[in-house]
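Structure, as structure tokens:
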Amino acid sequence: MKHTTKTALGALCLVIGFAAQAQQGQGPGLYLEAGQARHHGATTDALTLGVRVPTDVCFLSGRLALSVDGYASRWHADALPGARDAFTQLGLVPVLRWRFGEGRSPWFVEGGVGVSYLVHGYRTRTKAFGSRWNFSDHLGLGYSFGRHEIGVYVKHVSNGGLDKPNPGETFYQLRYGYAL
């Protein structure tokens, strides 16, 4: 695991350790994610800072709620000789969150599909994306405690076959969120 991911995971664990006494938040929030994708013996590390904006759209007595995530990610990959090894991704994803226990449980699952843009494209020694514009699919499981939450997420980025090549990239990430 590269230094950036180790540092982010260490910071995430430290913040979570101090967070257990806060109160439940209801407004917009910030989140930090760190994770990795592996392919053909190569890795791509991702560090993401995001903003979550809840909407007033709820279904099934509040068990299912809609929010919108905007985020910026920094990817570090095994580069081609003399080529870029860091990539910036910007994304916007509507997310549906399901809370268990008739909407009162601290446990939730969520998923969303949105768009993302890779500022300088994406080309590593094992992969290349045919497009800077891509779909960004998110699926997560998390737990809220006070204004804080932690979760595990799987994120897939690809152009959905709209351009070639389209190998896609799948990240496995840890998230810490804080409601403002």
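The values are calculated or read from the model by the stated rules, or taken from the named source; none is laboratory data. Quick caveat, the model's predicted, so the values are computed rather than measured. Positions of Cβ are backbone-derived with ideal geometry, glycine not excepted, and every protein chain shown enters the neighbour counts. Quick note on the areas: whole protein, heavy atoms, side chains included, nothing else; ligands and nucleic acids left out. Shrake-Rupley method; radii C 1.70, N 1.55, O 1.52, S 1.80 Å.
Under 24 Å from residue 41 (Cα atoms) and not hydroxyl-bearing (Ser, Thr, Tyr): does that describe residue 120? Judged against the criteria, residue 120 is a match.
Restricting attention to region 132-157, the residues that are within 17 Å of residue 34 (Cα to Cα) and either touching a Cys at 6+ places or on another chain (Cβ under 7 Å) or among the small types (Gly, Ala, Ser) (or both) add up to 4. Considering only residues in region 40-72 that are hydroxyl-bearing (Ser, Thr, Tyr) and more than 18 Å from residue 110 (Cβ to Cβ), the one that is farthest from the chain's Cα centre (by Cα) turns out to be 43. Annotation: of all residues in region 66-93 being among the small types (Gly, Ala, Ser) and open to solvent by 30 Å² or more (accessible area, probe 1.4 Å), the one that is nearest to residue 139 (Cα to Cα) is 72.
Residue under question is residue 88, and the condition is that it be in contact (Cβ under 8 Å) with a residue 60 or more places away in the chain and β-branched (Val, Ile, Thr); does it hold? For residue 88, the condition - in contact (Cβ under 8 Å) with a residue 60 or more places away in the chain and β-branched (Val, Ile, Thr) - is not met.
For region 53-75, the count of residues that are modelled with pLDDT under 95, of a type outside the set (Phe, Trp, Tyr), closer than 23 Å to residue 118 by Cα and touching a strand residue (DSSP E or B) at 6+ places or on another chain (Cβ under 8 Å) is zero. Residue 38 - would you say it is in contact with a Phe, Trp or Tyr (Cβ under 7 Å, 6 or more places away or on another chain) and either charged (D, E, K, R) or modelled with pLDDT of 95 or more (or both)? Criteria not met by residue 38. When restricted to residues that are open to solvent by 40 Å² or more (accessible area, probe 1.4 Å), of a type in the set (Val, Ile, Thr) and either at pLDDT below 95 or not in a strand (DSSP E or B) (or both), region 112-171 contains 2. The residue of region 38-48 that is farthest from residue 136 (Cα to Cα), among those that are part of a strand (DSSP E or B) and touching a Lys or Arg at 6+ places or on another chain (Cβ under 9 Å), is 42.
When the residues of region 56-65 are narrowed to those that are out of contact with any Cys (no Cβ under 9 Å at 6 or more places or on another chain) and either under 19 Å from residue 176 (Cα atoms) or part of a strand (DSSP E or B) (or both), which ends up most open to solvent (accessible area, probe 1.4 Å)?
Initial filter on region 56-65 (out of contact with any Cys (no Cβ under 9 Å at 6 or more places or on another chain)): 56-63.
Checking the rest, the ones that are also either under 19 Å from residue 176 (Cα atoms) or part of a strand (DSSP E or B) (or both) come to 56-59.
Values: 56: 157, 57: 59, 58: 76, 59: 99 Å².
The residue in question is 56.
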